[in-house]
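The values are calculated or read from the model by the stated rules, or taken from the named source; none is laboratory data. Just so you know, these numbers come straight off a predicted model, no measurement behind them. Here the Cβ positions follow ideal geometry from the backbone for every residue, glycine too, while neighbour counts run over all protein chains shown. The area values use the complete protein model at the heavy-atom level, side chains included, leaving out ligands, DNA and RNA. Shrake-Rupley method; radii C 1.70, N 1.55, O 1.52, S 1.80 Å.
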Amino acid sequence: MIIVMEQGASREQVDHVCQHIADLGYEAHPIFGKSRVVIGAIGDERGRTQAKAALEVQPGVESVTLILRPYKLVSREVSAERTVVNVGGVEVGGERFVVMAGPCSVECEKQLFETARRVKSAGARILRGGAFKPRTSPYSFQGLAEEGLKLLSAAREATGLPFVTEVVTERDVELVGRYADMFQIGARNMMNYQLLREVGRSGKPVLLKRGMAATLDELLMSAEYIVNEGNDQVILCERGIRTFETFTRNTLDLAAIPAVHLLSHLPIIVDPSHGTGVRELIGTMLNAGIAAGADGAMIEVHPEPENAWSDGAQALVPDDFDKVMESAKRFIVAAERTL
Ligand code: PEP
Ligand code: MN
């Protein structure tokens, strides 16, 4: 249920309604907006008609609405205001179109630092790089682990760019959280509900990538797991889904971007690197993502893609990343945003 408080409702009235929600056996999630307070009441759906009637008559309550969609806290119905996620001082979901760029995997200091400096000068605001890699083959490079996290932290120190990096198991949440500005939950782990709960409890921003066979309802339900732990700092990522097409690595579902904006208050970014797997297509699909209303993008960049330890075929060299960013600028202006 969503309880919309009257404009000017007092703090006592809000507290009283929250207490009443708890007494009815629901969990209260108050959201303090600019002009009014909205309270989400989450719990067992049976008995909600009686609970609605009981809450409607409380002082300061303007209206009570039942949420019919399976996800609640991430839905547009709960908050008409868009969520802005703060990633180490960089806001995602606001006016700026935020580009996160860097190598697929962190390999060594030289590779990471060179990439970090170049993506920064091209206009990226967040560094990406995997220290724990979820690989299809157990024989492929699995990441530098803590050594990679240390290199990412040193690159942040050197460039001032906050960083996002993947966490693949709940056992590593504490370790990764000690270094990273934002957790990445990869496509393969979108439905790892224990991991989602754990990053939810951490309170740190989370970049949640869409699973390769996940519907938007399933993506939003996964986001709900994180927000339900009290952490609303979630950014969604469209990274392509699996279809019968084989020329591209995945099929980038651009309609997911305006659809998520229709359904949810959470920001969504586009990943044209994993979304296509083909270097030559990344610039165009980035521009298409901007036109579709994405709040940002994630792009893989590597100084020597032919020697990359993962995802070399989709990595842009820094000079090409410069060109892609240059071309994106006009689309960003047309989308009424700034870089
Ligand atoms: C990545 O970002 O390098 C990655 C593994 O992405 P995804 O989970 O979308 O495949
Ligand atoms: Mn990758």
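Just going by the charge dipole of the chain, with Lys and Arg at +1 and Asp and Glu at -1 on Cβ, which of A80, I2, C18 is farthest out on the positive end?
The listed residue farthest towards the positive side: A80.
When only C-alpha pairs under 8 Å and at least 6 residues apart count, what is the relative contact order of segment 1-139, in percent? Don't skip to the end; give the middle numbers.
Working: 180 pairs, mean separation 28.5, N = 139.
Relative contact order of segment 1-139: 20 percent.
Taking only protein heavy atoms and a 1.4 Å probe, what accessible area per residue, in Å², does segment 63-211 have with all protein chains in place? Intermediate results must be reported in sequence, preceding the final value.
On the way: 5920 Å² over 149 residues.
For segment 63-211, the per-residue accessible area is 40 Å².
When the chain is modelled as a GNM with alpha-carbon springs shorter than 10 Å, which of E245, E306, E56 fluctuates the most?
Checking each option, the largest mean-square fluctuation is seen for E245.
With point charges of +1 on the Cβ of Lys and Arg and -1 on the Cβ of Asp and Glu, referenced to the Cα centre of segment 135-195, which listed residue (F141, S153, Y179) lies farthest in the positive direction of the dipole?
In segment 135-195, that residue is F141.
List the lysines whose Cα sits under 18 Å from the Cα of K329, skipping any in the same chain fewer than 8 residues away.
Partners found: K120.
Specify the inter-centroid distance of segment 3-73 and segment 296-329, based on alpha-carbon positions, in whole Å.
If we compute the Cα centre of each part, the gap is 47 Å.
Identify which of I269, I185, I67 has the largest mean-square fluctuation in a Gaussian network model of the chain, with springs joining Cα atoms closer than 10 Å.
I67
Explain nothing, just the number: dipole magnitude of segment 34-155 about its Cα centre with +1 on each Lys and Arg Cβ and -1 on each Asp and Glu Cβ, in debye rounded to the nearest 20.
Computed charge dipole of segment 34-155: roughly 260 debye.
Of all DSSP beta bridges in the chain, what percent run antiparallel (nearest 5)?
Details: 18 of 44 bridges.
Roughly 40 percent of the beta bridges in the chain run antiparallel, per DSSP.
Averaged across orientations, what area in nm² does the convex hull of the alpha carbons in segment 166-283 project?
Over every viewing direction, the Cα hull of segment 166-283 projects on average to 7.3 nm².
State the Kirkwood hydrodynamic radius of segment 128-184 in Å, one decimal place, computed from all pairs of distinct Cα atoms.
It is 11.5 Å.
Ignoring ligands, DNA and RNA, what percent of the 1.4 Å accessible area of the chain is carbon and sulfur?
Solvent-exposed carbon and sulfur of the chain make up 52 percent of the total.
Give the Cα extents of segment 1-99 along the principal axes, in whole Å, largest first.
Each principal axis gives a Cα extent; for segment 1-99 these are 47, 30, 19 Å.
Treating the beta-carbon of each Lys and Arg as +1 and of each Asp and Glu as -1, no other charges, what is the dipole magnitude of the chain about its Cα centre, to the nearest 20 debye?
Once rounded to the nearest 20, the dipole reads 260 debye.
Please enumerate, by chain and number, the aspartates and glutamates with C-alpha under 15 Å from the C-alpha of K34, excluding those fewer than 8 residues away in the same chain.
E6, E81
If the elastic network links every pair of Cα atoms under 10 Å, which of S79, S273, S327 fluctuates the most in the Gaussian network model of the chain?
S327
Counting only residues 5 or more places away or on other chains, whose amide H sits under 5 Å from the amide H of G130 once H atoms are built in the peptide plane?
S105, V106
Can you compute the equivalent ellipsoid semi-axes for segment 84-129, i.e. the square root of 5 times each eigenvalue of the Cα gyration tensor, sorted largest first and rounded to whole Å?
On the way: eigenvalues 98, 22, 11 Å².
After scaling each eigenvalue by five and taking roots: 22, 11, 7 Å.
If one computes P(r) from the Cα atoms of the chain, what percent of pairs lie at distances over 31 Å?
Taking all Cα-Cα pairs of the chain, the fraction more than 31 Å apart is 34 percent.
How are the alpha carbon pair distances in segment 47-164 distributed across 10 Å bins from zero to the largest one, expressed in percent?
12, 28, 20, 16, 13, 10, 1
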